[in-house]
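Here is the structure we will look at, set down as structure tokens.
The values are calculated or read from the model by the stated rules, or taken from the named source; none is laboratory data. Just so we're clear, the structure is a prediction, and the values are computed from it rather than from any experiment. Note that each Cβ is placed from the backbone with ideal geometry, even for glycine, and that neighbours are counted across all protein chains shown. Ligands, DNA and RNA are stripped out before the accessible areas are found, and what is left, the full protein with its side chains, is counted by its heavy atoms. Shrake-Rupley method; radii C 1.70, N 1.55, O 1.52, S 1.80 Å.
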Amino acid sequence: MSWLSRLRNAANSARLDRELREEMESHIENRAEALMGAGMSPEDAAREARKRMGNQLLYRESSREARLFPWLESLLQDVRFGSRMLRKSAGITMAAVLALGLAIGACTAAFSLIDALLLRPLPVTHPERLVALSYPSVMAGRPDGDSFSYPVFQRFRDASASVAYLFAVNYGPGRQVASFGGSEEENARMSWISGEAFGVLGIPPAQGRTLNAGDSQRRNPVAMLGYSFWQSRFGASPDVLGRWMTWNGRRFQIVGVTQKGFYGLDPGFLTDVWLPIENVARDAKDLANPEVYFLGVWGELKPGATPERLRQVLQPVFAGARMELRRSFERDGIPPAEMPRILNAGIKVESAKNGHANIVRLQFQHPLWILSIVAGLVLLIACSNLANLFVARADAREKEMAMRAAVGAGRARLMQQMLIECGLIAAAACAVGLAFAQTAAPALVDRLMPSTMPAYLDLQLNARVFLFVALAGLAATLVFGAIPALRASFASPDAALKSGGRSSARTRALRPLIAAQVGFSFVVLFVSGLLLVSFRNLMNVDLGFTKQGVILFGLDGRRLDDAGANRTAILTTLERIRQQPGVQAASMSNIELVAGPFAPLIRPMMRMPGQAGTERGPFYLKVAPGFFNTMQIRTLGGRDFTAADLAADASSVIVNQAFARKYFPDGDPLGRRFDRGDDNGWAPQQIVGVVADAKYNSLRETPSPTVYEPLRYVGGARLAVRTAESPAAIGPLLRQAVTQTNPAVRVSMMELESKKIENGILPERLLALLAGFFVLVAAALAAVGLYGVLSYLVVRQTKEIGIRMALGAQRGAVARMVLTDMALMIALGSALGLAAGLALARYVESMLFEVRPSDWTSAALPLAALAAIAVLAALGPLTRALRVDPGTALRCD
């Protein structure tokens, strides 16, 4: 019989039994007819036929086993029986499904983010063959560098033609202002890439054609749209081909649309427009400058080639390029002792199948793993709760299991029954968890990056997610179902004739589960508490300036011709903005304060008078007159910048307290001089003012020596405006005023200073938000679990409590009897949880700010929370225990 028929019979065993009975009766009738033909009476023939047939039940059972899978039939029977048992206690079942589903959903959401950002291969033809080049950073201890100049890329491509197909990509442009066939401008995320890249990656077009190597020689520059951008911006219209877009003053003709599902080489970002590198930079000197590193170099290994072979081919080329840059390194102030390490650095060829390690991955890789660990701990808390519940259910069904054993059920069948019931709970929880993850994961993605640079992760339900959920459900079933299943398998037929019995044994079985649940809960509360306190400290840090009420505008002044035009634009724009209603102060800077961990830091070389040696100087920030008044940074001495300081030959600078303490500890820095080094040599600097310390780039930093110099070029400057009105109301008016004052200056973005600072701590904010959520979930699960265990123990000890009270026991003695074991297990679980929490805290320590795991307050908070939870959970059961009537208790079974 085919296996399909066996499966069908196992699913409908009642029909098979009916068919077997009919077949058996047919054989008996045929034999009886033969006997009647031999002269026997119908009654005798029927009796003789049944006699000759033998044991019909045995034949029927052997035939059943031949026509179905007995193990599958037993599974289906247990599934049907388990479903009926769970429906009998629907309320408890629903609570168990929701608790476990929430925990599985949190784990699934964390896995979905980690998979999409860190683990999933790029959507290209051969991701396993992709490699990317990098090298040790010039600054010791910093992450590896992965940017190369265009001439170096060309040398790499020529040298490696027999080993790999190399192509170049630029990670930097990001979201840019562009227009698509109309006067209205919009932001689109640009990526520059060499023309041969799409052929190497094997990405076919959804419309038109892909970029190719010949596009670098075309007179008319071309562009390719991303699939999602094509859908959202153009409604998936095929008429987009041949249209023109304008970016940075140049026109590009749209020739194609990328394949659906290809988001780019940067997991975490979605590329809207692809442009050939040569077309974009054809008029720029940077393309031919070997000192301008702005390209990432990727490649696809040819069949049979290895990364090591490619590295051997490229190393001589890289070494030669490094030697050519020696003078550049010397100008940058690299110490002579460090020069051999830099010049002899080795090229690295590493797998790129998971994409480029961009800002999203660098910022959130560690927080997402922390999230997954805490979510796993919440899952263990939920499993501990369910283990307690099913241990209690197994004890309540002890007579049932004993009777099943008495009629022939083996230990394996009894364990199977309990595990299947646990599996049904887990299966329903997996469905709930998937639904929760589908809602939670996109909400988390929205919080990964600011709205001005939104993150994108492909969170589609795929085989990897379904497999993870299935494995999580299976693991949860085994974790919370193993102990109840083992207890059920030891059921003795003798127990069916007894009642009451083994309350102390049952209590002992619950002790490790209580301790485990408390331990897991403590770890979640401990780690989450550290993250919450750390985030509170970050939000309350002293910035040295006032962030509220300041609007930031990004300025694009690249169309200004010379220094004079820039100086005029700065002064006239500030004058016009300061005259607007509701404006209290306004100024400019080359970057905003606390711009984030990836903002460009300027630290030129410095030389003090009378000293022969040089050193890497302090931080530099270029600001316009009125900056300190606008940001409300206290002036401690001297003066602010004036319009005269914007002249090219002016040497005026303003320093902060940290600079004065370090370089002039014994005197007044006003009027003192020092030299600043750059590519043009040494420029004299004279201190005309001293201001208070302020955070320069990060909330975590200790104020460093900082020099403020006059802003002389608009470029990509930031206009800071302090207002007394709502930013939403005054912002558009200020944007219009900037454009009207000087049409060559465009506003590229508008954002609140306070919002910008908050965007700089998005990983900490995300962890704090999730930590608060997990604190609530862990507290609720711990409270429900402890309440359930105490209630169960009180019910099982009702007769013992009644006897004690009948013999004169006081309420205090009864309370101690009920709570002693629980208190000991809570203490043991807290101790184990503290040890585990301190070990885990080392992993999250890099995310903490002004809080240490070893401080006693760090442990006191979760201990106090657990104590409060235990007290609340114990109130109900303890009240019932103290109200037990001895007469009623002695009459109960």
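A count restricted to region 447-466 and to residues that are in contact with a helix residue (DSSP H, G or I) (Cβ under 6 Å, 6 or more places away or on another chain) and free of Cβ contacts under 8 Å to residues at least 24 places away in the same chain stands at 0.
A count restricted to region 561-571 and to residues that are β-branched (Val, Ile, Thr) and open to solvent by less than 50 Å² (accessible area, probe 1.4 Å) stands at 1.
The set of residues from region 705-720 being surrounded by fewer than 24 Cβ atoms within 10 Å (Cβ to Cβ) and β-branched (Val, Ile, Thr) comprises Thr706, Val707. Considering Arg536, Arg558, the condition of being within 32 Å of the chain's Cα centre (by Cα) and open to solvent by 40 Å² or more (accessible area, probe 1.4 Å) is satisfied by Arg536 alone.
The criterion of at least 1 residues that are under 24 Å from Ala660 (Cα atoms) and at pLDDT below 90 is met, among strands (runs of 3 or more DSSP E) falling completely within region 673-744, by 673-678, 681-691. Within region 837-884, being open to solvent by 80 Å² or more (accessible area, probe 1.4 Å), outside any helix (DSSP H, G or I) and over 27 Å from Glu701 (Cα atoms) holds for one residue alone: Arg883. The number of residues in region 351-381 being surrounded by 15 or more Cβ atoms within 10 Å (Cβ to Cβ), in contact with a Leu (Cβ under 8 Å, 6 or more places away or on another chain) and more than 30 Å from Leu776 (Cβ to Cβ) comes to 5. Right, Gly637: farther than 18 Å from Leu571 by Cα and assigned by TED's automatic domain parsing to the domain that holds Pro604 or not? In short, yes.
Can you list the strands (runs of 3 or more DSSP E) lying wholly within region 200-294 that have 1 or more residues being at pLDDT below 85 and either open to solvent by 10 Å² or more (accessible area, probe 1.4 Å) or among the small types (Gly, Ala, Ser) (or both)? Qualifying strands (runs of 3 or more DSSP E): 244-247, 250-258.
Among the residues making up region 752-777, those that are in a helix (DSSP H, G or I) and among the β-branched types (Val, Ile, Thr) are Ile757, Val775, Val777.
Remark: Met339 falls outside the filter, which requires a residue to be open to solvent by 40 Å² or more (accessible area, probe 1.4 Å), part of a helix (DSSP H, G or I) and in contact with a helix residue (DSSP H, G or I) (Cβ under 9 Å, 6 or more places away or on another chain). If you filter region 128-138 down to residues that are aliphatic (A, V, I, L, M) and open to solvent by 20 Å² or more (accessible area, probe 1.4 Å), you find that the one that is nearest to Leu265 (Cα to Cα) is Ala132. Out of Leu113, Leu119, Leu102, one residue alone is modelled with pLDDT of 85 or more, open to solvent by 20 Å² or more (accessible area, probe 1.4 Å) and under 17 Å from the mean Cα position of the chain (by Cα). It is Leu119.
Selection of first residues in region 249-262 that are basic (Lys, Arg) and of second residues that are part of a loop (DSSP other than H, G, I, E, B), restricted to Cβ pairs under 9 Å at least 6 apart or on distinct chains, gives the following pairs, ordered by first then second residue: Arg250/Pro221; Arg250/Asp283; Arg251/Asn220; Arg251/Pro221. Residue check, Leu762 against (1) closer than 18 Å to Leu532 by Cβ; (2) at pLDDT 85 or above, all met but one. Which one? Condition (2) is where Leu762 drops out.
From the list Pro600, Pro512, Pro581, the one residue that fits, being at pLDDT below 90, surrounded by fewer than 21 Cβ atoms within 10 Å (Cβ to Cβ), part of a loop (DSSP other than H, G, I, E, B) and within 37 Å of the chain's Cα centre (by Cα), is Pro600.
Out of Arg155, Arg175, Arg189, one residue alone is in contact (Cβ under 8 Å) with a residue 24 or more places away in the chain, open to solvent by 40 Å² or more (accessible area, probe 1.4 Å) and assigned to a strand (DSSP E or B). It is Arg175.
Within region 439-486, being open to solvent by less than 20 Å² (accessible area, probe 1.4 Å) and polar (S, T, N, Q) holds for one residue alone: Thr477. Taken across region 641-659, residues that are open to solvent by less than 20 Å² (accessible area, probe 1.4 Å), modelled with pLDDT of 85 or more, under 28 Å from Phe553 (Cα atoms) and in a loop (DSSP other than H, G, I, E, B) do occur, with at least one present.
Exactly one residue among Thr125, Thr108 is of a type outside the set (Lys, Arg), in contact (Cβ under 8 Å) with a residue 12 or more places away in the chain and surrounded by fewer than 15 Cβ atoms within 10 Å (Cβ to Cβ), and that residue is Thr125. Among the numbered conditions (1) touching a Leu at 6+ places or on another chain (Cβ under 8 Å); (2) in a helix (DSSP H, G or I); (3) at pLDDT 85 or above; (4) more than 18 Å from Ile381 (Cα to Cα), the only one that Val818 does not meet is (3). Of the numbered criteria (1) among the hydroxyl-bearing types (Ser, Thr, Tyr); (2) in a helix (DSSP H, G or I); (3) free of Cβ contacts under 8 Å to residues at least 60 places away in the same chain, the one Ser830 fails is (3).
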